[in-house]
Each structure stands twice: as structure tokens, then as C-alpha cells.
Amino acid sequence: MLERNVTLQPKPEPGSGAWSNAQQLVDVNSALLDNFLNALPLANLTPKCVLLQTGAKNYGVHLGRARSPYVESDPRVTLEPNFYYLQEDILWKYYHRRSKQCRDECAAPPRSAVLESSTANQKFNASDGCPLPVNRLWPELARWYGISDSDVGRPETDESKYTVVLGAAKTPLGPENAKAWKEIMKKDGVTYFGFTGYVDTLESLNFAYDELYKLKMLPPLKAKAQPLT
């Protein structure tokens with residue numbers, strides 16, 4: 001196994017930030033990995049697998065607020081050049097050229113992951129403790145209840161339409177809301193409404209909402225959670 005954190009930090013221009021010379025970082029660090037991989041056959045070395053350790057810049061955290069939790073299936077952040085992406089492309093080219101098992105892992109997962117044949121050719125994110133923002137939860141919550149993307153609205157942003165009671169915000173219970181709840185209670189047998197191991201956050205919420213349905217506190221779900229992968 002070859003494990004490499006292949007990074008050089010060129011000095012930025014005077015007065016500029018640490019990551020401001022994005023293109024120079026790409027040029028230097030992509031060449032560093034490319035030269036290393038091309039040198040392996042010259043040294044008569046054929047690795048069984050390669051682990052490329054990168055970091056949180058995969059998700060654009062160095063550019064500002066990034067969508068969390070950080071998951072491997074997130075698209076690349078293309079606001080500026082990122083040498084992690086080119087290093088990943090170089091490693092995949094090496095893989096296809098050499099037909100060997102390569103691993104591209106974000107952050108620092110246990111070493112056992114890179115040695116398992118079942119984890120070949122995948123990314124692994126070892127970060128934890130990230131909050132679940134509304135922009136991930138809201139569309140997924142709508143899907144659970146069978147609401148299409150085109151029907152998904154956004155939370156009300158006009159604070160004048162909210163009433164704060166003991167620190168908890170709630171929407172005004174106008175006639176239209178009362179009527180909607182009566183229809184839901186009649187259709188799905190809901191008698192109350194409100195909210196009285198290691199798992200995926202969305203799966204955990206989906207399980208909790210399903211339990212609330214069994215207690216007749218919420219209507220039934222229409223779909224299972226899609227794990228944050």
C-alpha cells in the first residue's frame with residue numbers, strides 16, 4: 001500500500017491569504033503527484049493500492065461557509081481551482097492505466113478501510129459532528145411525505161408572521177391551518193400534533209417521524225430516508 005499526503009504550499013503574494021494562489025497550488029501539487037506515480041514503473045514498483053489523503057477543502061470550506069454535513073457524493077466546488085480535484089483525476093488516470101486498486105479518501109479514515117477489497121475505488125469522509133442544515137433536510141422531508149420538488153416551498157422568512165412563546169417559534173394557528181390539520185387527522189388517524197445507536201442523521205429523523213406516526217402524532221411517511229453518502 002502507498003499512502004501519500006501529497007501537498008506543497010507555495011508562498012502566496014505579499015499581503016495575500018494562505019490559499020489565495022489557487023492556480024499555483026494546482027500546478028505544483030498536481031505535478032508532485034503525477035511525477036511520483038510516473039516514477040513508480042521506473043523503480044519497478046507496482047502498488048496493490050494507493051491512498052490519497054486530502055482534506056476539507058474538498059468541500060470548499062476554505063472559500064467560506066460550506067454545506068454540511070460533508071458527504072462524498074457532493075459535487076465539486078468550482079469557484080476557483082482546487083488541486084485536490086486534479087490530484088484525484090491524476091490518480092484515476094493512473095488506476096485506469098495500471099488497472100490497480102486505488103483509493104481516494106477525504107480526511108483521515110482508519111487505515112483498515114484502504115486494505116479492504118470491498119472499499120476499492122471509493123471516497124471516504126471521516127469528518128463527524130456536522131449540523132444538518134435546512135437546505136438538506138427540507139427537500140428530503142418533503143420527499144418522505146410524497147411532495148414533489150416543484151411543490152416544495154421554503155420556510156416563511158417574514159418574522160412578523162411568527163409568534164414567540166417561551167422561546168419557541170410557531171406559526172399562527174389561523175382557520176386555514178386548523179382546517180388542514182382536521183383533514184390530516186381524519187385521513188390518517190392523527191390524534192395529536194407536535195413533537196413530544198450511531199445512525200445517519202436523516203435516517204434517524206425518518207425513524208423518529210415514523211415512530212411519531214405510530215403514536216398518531218404525525219401522518220404516515222411516503223418514503224424512506226436517503227442516507228447522507
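General observations
- Top-ranked residue of segment 181-229 - restricted to ones that are more than 29 Å from Ser73 (Cβ to Cβ) and of a type in the set (Gly, Ala, Ser), ranked as modelled with the lowest pLDDT: Gly194
- Residues that are modelled with pLDDT of 70 or more and more than 23 Å from Leu218 (Cβ to Cβ) were ranked within segment 120-142; the one that is surrounded by the fewest Cβ atoms within 10 Å (Cβ to Cβ) is Asn121.
- Positions within segment 198-225 being assigned to a loop (DSSP other than H, G, I, E, B) and surrounded by fewer than 15 Cβ atoms within 10 Å (Cβ to Cβ), in sequence order: Tyr198, Val199, Leu215, Lys216, Lys222, Ala223, Lys224
- Number of positions in segment 39-69 that are surrounded by 10 or more Cβ atoms within 10 Å (Cβ to Cβ) and of a type in the set (S, T, N, Q): 4
- Selection within segment 23-71: residues that are part of a loop (DSSP other than H, G, I, E, B), of a type in the set (A, V, I, L, M) and closer than 24 Å to Asp200 by Cβ. The member of this set that is modelled with the highest pLDDT is Ala66.
- Qualifying residue in segment 83-100 (condition: among the hydrophobic types (A, V, I, L, M, F, W, C), closer than 24 Å to Gln9 by Cα and loosely packed, with under 12 Cβ neighbours inside 10 Å): no
The values are calculated or read from the model by the stated rules, or taken from the named source; none is laboratory data. Here the structure is a predicted model, which is why all the values come from computation and not from measurement. Cβ sites come from the backbone with ideal geometry, for glycine too, and all protein chains shown count toward neighbours.
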